[in-house]
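Below: the structure, in structure tokens.
The values are calculated or read from the model by the stated rules, or taken from the named source; none is laboratory data. What you are looking at is a predicted structure, and each value in this text was computed from that prediction instead of being measured. Backbone-built Cβ (ideal geometry, glycine too); neighbour counts: all protein chains shown. Accessible surface is based on the protein model in full, side chains and every heavy atom, while ligands, DNA and RNA are left aside. Shrake-Rupley method; radii C 1.70, N 1.55, O 1.52, S 1.80 Å.
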Amino acid sequence: MGAIRVGTSSWADRSLISSGWYPRAANTPAGRLAHYAERFDLVEVDTTYYALPAVETARAWTDRTPPGFTFNVKAFSLLTGHPTPISALPRQLRPAGRSDRDRLRRRDLPEAAHDELWAMFHAVLEPIAEAGKLGVVLLQFPPWLAWGEAAQRRILHAAQRCRPLRVAVELRHGSWYVGDRALRTLEFLQRHDLSYVCVDMPQGHPSSVPPIVVATAEPALVRFHGHSAEWESGDKQEKFRYAYPDRELREWSGRLRELAAEVDEVHALFNNCCGDQAQRDAARLAELLGPAASRSTAAPHRASAPHGASI
């Protein structure tokens with residue numbers, strides 16, 4: 001059976017820092033990351049979605065974590081088609097004559113600037129990959145990206161820009177999972193060696209997608225958003241305010257074990273980042289998994305050869 005690695009989608013969220021989860025002595029970014037890495041061997045970096053950090057910052061992340069620790073890194077928002085504030089772009093790429101409060105779309109950026117943005121993103125990934133600590137690049141596409149050939153080409157284009165690194169794809173429009181499209185979507189991802197991201201989230205909303213527990217490539221990914229009744233709320237804290245009951249975590253521990261039978265690694269990441277709830281739920285899931293929740297010291301998968309996991 002493959003290793004099941006458990007972590008959260010942030011170690012530096014403001015509400016986490018103020019929650020008391022970190023001891024008083026862990027009062028610096030370095031201290032907090034070191035404290036986190038003593039308890040989990042996997043984390044998702046979502047700050048890269050909002051702005052590209054300095055390369056030195058990414059190198060410091062690797063220096064502050066032990067061998068075998070893994071970072072999954074979310075792609076910068078504009079690279080996956082999200083409208084992005086001009087102020088979030090590196091200064092040299094900001095269009096002249098536009099307010100910093102304006103939001104750009106992909107078409108608003110010249111091709112040369114887009115290429116430079118990808119190069120800068122890879123520069124951030126490089127020290128993490130060189131240290132053997134890069135798990136996957138997470139391509140989280142906008143909730144309006146609907147099923148279709150044009151959308152598939154867009155996904156493949158972004159994935160190709162990430163190679164030879166491992167790539168995971170999160171699709172957030174329900175049309176990818178209607179009827180036989182669910183199987184076709186999973187086959188598409190498998191055919192191109194892209195990890196499907198299973199998302200546990202509230203159902204019955206326009207933005208809902210089903211949690212299909214399956215592997216299409218290495219590693220398999222599950223992201224836990226929770227089941228807040230305020231999912232459609234514009235308040236981020238309320239949207240993710242959810243404590244997983246023990247019953248649900250026990251059910252998920254069984255599903256993750258079954259998934260681990262198909263792949264070398266499963267990444268389980270809690271994104272119910274409200275206070276320290278994600279850390280509490282991740283710790284409880286790891287406890288329920290027991291020895292299956294491995295703190296593996298093996299290097300993360302980064303090869304681009306097709307994977308044979310069946311769907």
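Filtering region 176-232 to residues that are open to solvent by 50 Å² or more (accessible area, probe 1.4 Å), in contact with a Phe, Trp or Tyr (Cβ under 8 Å, 6 or more places away or on another chain) and modelled with pLDDT under 90 leaves HIS205, HIS227. Annotation note: of GLU265, GLU258, the sole residue that is touching a residue at least 12 places away in the same chain (Cβ under 8 Å), farther than 21 Å from GLY20 by Cα, of a type in the set (D, E, K, R) and open to solvent by less than 30 Å² (accessible area, probe 1.4 Å) is GLU265.
Within region 30-53, the set of residues being among the hydrophobic types (A, V, I, L, M, F, W, C) and either free of Cβ contacts under 8 Å to residues at least 24 places away in the same chain or closer than 22 Å to ARG223 by Cα (or both) comprises LEU33, ALA37, PHE40, LEU42, VAL43, VAL45, ALA51. Please specify each residue of region 147-164 satisfying the condition of being in a loop (DSSP other than H, G, I, E, B) and open to solvent by less than 40 Å² (accessible area, probe 1.4 Å). Passing the criteria: only GLY148. Given the conditions (1) in contact with a Ser or Thr (Cβ under 6 Å, 6 or more places away or on another chain); (2) part of a loop (DSSP other than H, G, I, E, B); (3) open to solvent by 20 Å² or more (accessible area, probe 1.4 Å); (4) of a type outside the set (A, V, I, L, M, F, W, C), which single one is not true for TYR49? That leaves (2) as the condition not met. Applying the criterion of being part of a helix (DSSP H, G or I) and polar (S, T, N, Q) to the residues of region 62-118, the residue that is farthest from HIS35 (Cα to Cα) is GLN92.
Annotation note: Cβ proximity below 8 Å between a residue of region 10-29 that is without any contact (Cβ under 8 Å) to a residue 60 or more places away in the chain and a residue that is of a type in the set (Val, Ile, Thr) (sequence gap 6+ or interchain) occurs for TRP11/VAL43; ALA12/THR47. Quick check on region 62-72: of everything there that is farther than 22 Å from GLU170 by Cβ and in contact (Cβ under 8 Å) with a residue 40 or more places away in the chain, which residue is most open to solvent (accessible area, probe 1.4 Å)? This residue is PRO67.
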